[in-house]
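S.K.: Before anything else, here's the structure in question.
None of the figures in this text is laboratory data; all of them are computed from the coordinates on show. Everything numeric in this text was worked out from a predicted model, so none of it was measured. All Cβ positions, even for glycine, are placed from backbone atoms using ideal geometry, and neighbour counts span all protein chains on display.
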Amino acid sequence: MDAPPDSAHRPVRRAVVLGASMAGMLAAAVLAEHADEVLVLDRDELPAGPAPRPGLPQAHHVHLLWSGGVRVIEAIAPGLTRAWLDAGARQLDMPADLVLLTPHGWVRRGSACQYQLACSRDLLDATARAVLLTGPRIRVRTGVHAEDLLATGTGTGAGTRTAVRGVRVRDLATGAAEEVSATLVVDATGRGSRAPEWLERIGLPRVREESVDPGLVYASRLYRAPDGAAGFPAVGIQADPGRPVPGRMATLLPVEGGRWLVTLAGTRGAEPTREAVEFEAFARTARHPLVADLIADAEPLSEVRLSRSCSNRRRWFEGLRPWPAGFVVLGDAAAAFNPVYGQGMTVAAQSAAVLRTALRAHGLAAPRLARTVQRGVGRVVEVPWSITTGQDIRFPGATGRPAPFAARLTHGYVDRLSRTAMSSEEALRALFDVMSLAEPPTRLFRPRTVRAVLAGPAGPPPDGPPLTAAERSVGRPAVPEPAE
């Protein structure tokens, strides 16, 4: 850790984090080990407890924090996992606590290999704020908007070295602008990040940007869980991107307070609406009506919330030459994913871990720090980007660049692995290890896994939802016992 500041010899080392998102909070916790002060700036007044805020409209929908992200977050902030569980989150073991219909059939509920934390996004963020933003070196300032970067040495000539030295912000209540100096500025403002424009204004080239958009629309609603639903599994009805029809998906997630959070999604040509009377009917058009049956007699606790900000978008900051010292982009500001895959918060956590490693190796003021971190973030993003876009580009009406030939070959192997996983525990464990971002893609090519894939499926998947007798009695699913 850096020595305490000595005002007679050097200025205060300040890090500024733009956005109190999950990426921003984790970055602040990491930076507090090295900076004299970490200033977190956000437009919103942050609620004291689990409550919605304007800057996080997607909080109304299902969010999944995979074990690959939980483990990284726990390493950054020991005890945060326990705090989430104590606040009401639930650990769902995968696939034991999951009833999932994939394009290849129903997944057998076997022994746990990975897990997810299940709760509302409001609870997830409120608990994280109470742990991550309360350190003595961290200060939070709300009601402010970042307008521009402050930089020296602007230009793109070979001999010019650009360095960000702070940020210009505006107070949303008074309209007053001020300059905030910083040794490092971290942009964690999410999908609405203006980092490409800021970089252009200090003389840097335009950042390459890519988007893959399946035209997905989310609609979500809270329900009171029926009597007898304690311990009920998560339910997921996936679309099949291989069919030449728009995709329809339905997810039911048990959350704190004895509630079910239900999120429906449809790709271009099959978008759900915000009309409450159409919610259950849309759920019934998914590939299986299980979610619709479960909520048929459940009591709604909220209106239907709609979101259209569901495309995959990647900004290739790691490829920008030259990259300025003193500036890093993390989280959705660098790469935003289709939420249906649940990758975003885990990628944010792994990116914060990249920042932590680089800080410990180089120090906060090192000229190479920002470039090292941005390249590391690019490597973290690569796998989830390939997973999500490789699937989403296959939906009818999807826009974006098709996957390259080598990637399509890999997707063919993964498709066979997914089919095999319906009857092979080895293939299923490999699939969950990589989907949870707990293991790198090389996990899919270990000899035991390859042998399982080459052998192919050992039998058909269950012919119906693999619910227990007690689970079939919840609500009004009327689901028969699946044949073995």
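S.K.: With runs of 4+ DSSP H residues as the only contributors, calculate the mean residue ellipticity of the chain at 222 nm using -39,500 (n - 2.57) per run, divided by the residue total and rounded to the nearest 500. Show your work: numbers first, answer last.
M.R.: Values: 13 runs with 141 residues, N = 484.
-9000 deg cm²/dmol, from helical runs alone.
S.K.: Where Lys and Arg each count +1 and Asp and Glu each count -1, what net charge lies around Ser67 among other residues with Cβ under 11 Å from its Cβ? Working shown, then result.
M.R.: On the way: positive: Arg71; negative: Glu74, Asp93, Asp433, Glu439.
Neighbourhood net charge equals -3.
S.K.: Then there is this: For the residue pair Ser111 and Arg368, what label-to-label distance in nm results when each label sits 7 Å from Cα along the Cα-to-beta-carbon direction?
M.R.: Distance between label points: 4.5 nm.
S.K.: Hey, another quick one. Quick one: net charge around Thr251, please, counting Lys, Arg +1 and Asp, Glu -1 for every other residue with C-beta under 13 Å from its C-beta.
M.R.: On the way: positive: Arg221, Arg248, Arg287; negative: none.
Within the 13 Å Cβ shell, the charges total +3.
S.K.: FRET efficiency for Ala276 and Arg141, Cβ-Cβ distance as r, R0 = 30 Å, nearest 0.05? Please report the intermediate quantities before stating the final value.
M.R.: Details: r = 39 Å, r/R0 = 1.29.
Once the sixth-power term is evaluated, E becomes 0.20.
S.K.: Note the per residue figure in Å³ for the convex hull of the C-alpha positions in the chain. List each step's numbers first, then the result.
M.R.: Working: hull volume 74.0 nm³, N = 484.
Once divided by residue count, the hull of the chain is 153 Å³.
S.K.: In percent, how large is the relative contact order of the chain, given Cα pairs closer than 8 Å and 6 or more residues apart?
M.R.: Working: 1084 pairs, mean separation 92.0, N = 484.
RCO, the chain: 19 percent.
S.K.: Note down the net charge around Arg443, summing +1 for each Lys or Arg and -1 for each Asp or Glu among other residues with Cβ under 10 Å from its Cβ. Let's see the in-between values first.
M.R.: Numbers: positive: Arg429, Arg446; negative: Asp433, Glu439.
Around Arg443, the charge tally is 0.
S.K.: Taking only Cα atoms, what is the 0 to 90° angle, nearest 10, from helix 425-435's long axis to the longest principal axis of the chain?
M.R.: Relative to the chain, helix 425-435 is tipped by roughly 30 degrees.
S.K.: To continue, here is another question. Whole-Hz Karplus ³J(HN,Hα) for the stretch 96-113, in order, using 6.51 cos²θ - 1.76 cosθ + 1.60 and θ = phi - 60°, x for Gly and Pro?
M.R.: Each residue of the stretch 96-113 in turn: 4, 9, 9, 10, 10, 9, 9, x, 9, x, 6, 7, 6, 8, x, 5, 6, 10 Hz.
S.K.: Give me the dipole magnitude in Debye, nearest 20, for the chain about the Cα centre, with unit charges on the beta carbon: positive for Lys and Arg, negative for Asp and Glu.
M.R.: Working: 57 positive and 49 negative charges, 304 e Å.
Charge dipole of the chain: 1460 debye, to the nearest 20.
S.K.: In percent, how large is the relative contact order of the stretch 1-125, given Cα pairs closer than 8 Å and 6 or more residues apart? Can you show the working numbers first?
M.R.: On the way: 163 pairs, mean separation 29.1, N = 125.
Relative contact order, the stretch 1-125: 23 percent.
S.K.: Calculate one ³J(HN,Hα) per residue across the stretch 393-404 by plugging θ = phi - 60° into the Karplus curve 6.51 cos²θ - 1.76 cosθ + 1.60, and present them in order as whole Hz with x for glycine and proline.
M.R.: 5, 7, 6, x, x, 5, 10, x, 6, x, 5, x
S.K.: What ranking do Arg315, Arg90, Arg201 get, fewest neighbouring Cβ atoms within 10 angstrom at the top?
M.R.: Details: Arg315 22, Arg90 18, Arg201 13.
Going from least to most buried by this count: Arg201, Arg90, Arg315.
S.K.: Using the alpha-carbon atoms, what tilt in degrees (0 to 90, nearest 10) does helix 405-420 show relative to the longest principal axis of the chain?
M.R.: So the inclination is approximately 40 degrees.
S.K.: Something else about it: In the chain, what % of DSSP beta bridges are antiparallel (nearest 5)? Don't skip to the end; give the middle numbers.
M.R.: Working: 53 of 75 bridges.
Antiparallel bridges: around 70 percent, rounded to the nearest 5.
S.K.: Below 8 Å, C-alpha to C-alpha, sequence gap of six or more: please give me the relative contact order for the stretch 217-307 in percent.
M.R.: Values: 183 pairs, mean separation 36.6, N = 91.
Once divided by the residue count of the stretch 217-307, the mean separation gives 40 percent.
S.K.: May I pose another question? What are the ³J(HN,Hα) couplings of the stretch 209-214, residue after residue, when phi is run through the Karplus curve with 6.51, -1.76, 1.60 and θ = phi - 60°? Round to Hz, x for glycine and proline.
M.R.: Each residue of the stretch 209-214 in turn: 9, 9, 9, 10, 10, x Hz.
S.K.: Compute the acute angle (0 to 90°) between the alpha-carbon long axis of helix 22-31 and the principal axis of greatest extent of the alpha-carbon atoms of the chain; round to the nearest 10°.
M.R.: 40 degrees
S.K.: Let me ask you something else. With Kirkwood's inverse mean 1/r over C-alpha pairs for Rh, give me the Rg to Rh ratio of the stretch 217-307, two decimals please.
M.R.: Working: Rg = 12.6 Å, Rh = 13.1 Å.
When Rh is taken as the Kirkwood radius, the ratio is 0.96.
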